[in-house]
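Take a look at the structure below.
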Amino acid sequence: GIYLKNDVPFRDVYLWSMVADKNGLKMSKSKGNVVDPMELVEKYGADALRMSLMFGVASGSKIIFSEDKVRGMRNFANKVWNIARFVAQDRKIQDTNNKIQINNDDDRWILEELEKTTKTVTRALERYRFNTASEYLYEFIWHKFADVYIEKIKSRKADAQPTLELVLEQSLKLLHPFMPFVTEAIWEEIGMTKQQGLLIRSAWPLQEVKNTK
């Protein structure tokens, strides 16, 4: 790189840790604890495998790997699909540009949590803390967005629709580096590709949600 371009080829190099079995032991054929990743991709999807290699793995530590963990991330992917289908039922193709009118305390709460999550995930990725970013996203999307907010607004979904769409759109952008195939498929399914182009080419989400009220 220096010879051809008079510059170093990489400014940063991230060395992945050793992948170990569920008991923390190095995988080897003699021990019979080797897991074939392609079999798991066939069974649970590539995104589930990708996410399982980052979730709960601190930088520099062993990557504890098991089929149970991959299955759990497949369940998470299914949860994201279910959220998207719920939001898309009454979807209004719109460009919020992170500006939204907040009329309800529940809407205000989820947007505040979205803002916190966006800032945390952005900082974590800038520092190569992939485990931190993936764990915050998992917690926000499954437990805060799905379990708490969506359950609370089911009786007033029409009123909450703009908030639902903004949170879903931004969540897909944040999750895309970890689960690119699922998020891109959802992006297209809900009509965002026609409006904004491919998700992989979209801008990283803004870290601030503005209240227009």
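The values are calculated or read from the model by the stated rules, or taken from the named source; none is laboratory data. Every value quoted in this text rests on a predicted model; they were computed, and no experiment measured them. Cβ: placed from backbone, ideal geometry, glycine included. Neighbour counts: every protein chain shown.
Here are some residues: Phe130, Phe140, Phe145, Phe181. Which one is surrounded by fewer than 18 Cβ atoms within 10 Å (Cβ to Cβ) and touching a helix residue (DSSP H, G or I) at 6+ places or on another chain (Cβ under 8 Å)?
After applying the criteria, what remains is Phe181.
Looking at Val209 and the list (1) of a type in the set (A, V, I, L, M); (2) at pLDDT 95 or above; (3) under 15 Å from Glu115 (Cβ atoms), which single condition is not satisfied?
Unmet condition: (2).
Whether any residue in segment 22-44 is small (Gly, Ala, Ser) and crowded, with 17+ Cβ neighbours inside 10 Å is what I want to check. Explain how you work it out, then say what you get.
Going through segment 22-44, the residues small (Gly, Ala, Ser) turn out to be 24, 28, 30, 32.
Cutting the leftovers down to crowded, with 17+ Cβ neighbours inside 10 Å gives us none.
Checked against the condition, which is being small (Gly, Ala, Ser) and crowded, with 17+ Cβ neighbours inside 10 Å, segment 22-44 yields no hits at all.
Could you list, ordered by first residue, the pairs with Cβ atoms under 6 Å in which the first is in segment 118-136 and under 16 Å from His176 (Cβ atoms) and the second is surrounded by fewer than 18 Cβ atoms within 10 Å (Cβ to Cβ), at least 6 apart or interchain?
Thr118/Gln207; Ala133/Leu125
I'm trying to understand the selection: among the residues of segment 157-178, which are over 24 Å from Gly45 (Cβ atoms) and touching a helix residue (DSSP H, G or I) at 6+ places or on another chain (Cβ under 9 Å)? It would help to see each step written out before you state the result.
We begin by selecting, within segment 157-178, every residue over 24 Å from Gly45 (Cβ atoms); these are 157-166.
Scanning segment 157-178 gives Lys157, Asp159, Ala160, Gln161, Pro162, Thr163, Leu164, Glu165, Leu166.
Check whether at least one residue in segment 15-26 is aliphatic (A, V, I, L, M), free of Cβ contacts under 8 Å to residues at least 40 places away in the same chain and in a loop (DSSP other than H, G, I, E, B), and report yes or no.
The first filter runs over segment 15-26 and keeps only residues aliphatic (A, V, I, L, M), leaving 15, 18-20, 25.
Keeping just the survivors that are free of Cβ contacts under 8 Å to residues at least 40 places away in the same chain gives 15, 25.
Then keep just the ones that are in a loop (DSSP other than H, G, I, E, B); that gives 15, 25.
Yes, segment 15-26 has at least one match.
Yes or no: Ile150 within 15 Å of Ser171 (Cβ to Cβ), aliphatic (A, V, I, L, M), surrounded by 15 or more Cβ atoms within 10 Å (Cβ to Cβ) and modelled with pLDDT of 95 or more? Give the steps one after another, and end with the answer.
On the way: within 15 Å of Ser171 (Cβ to Cβ): yes; aliphatic (A, V, I, L, M): yes; surrounded by 15 or more Cβ atoms within 10 Å (Cβ to Cβ): yes; modelled with pLDDT of 95 or more: yes.
In short, yes.
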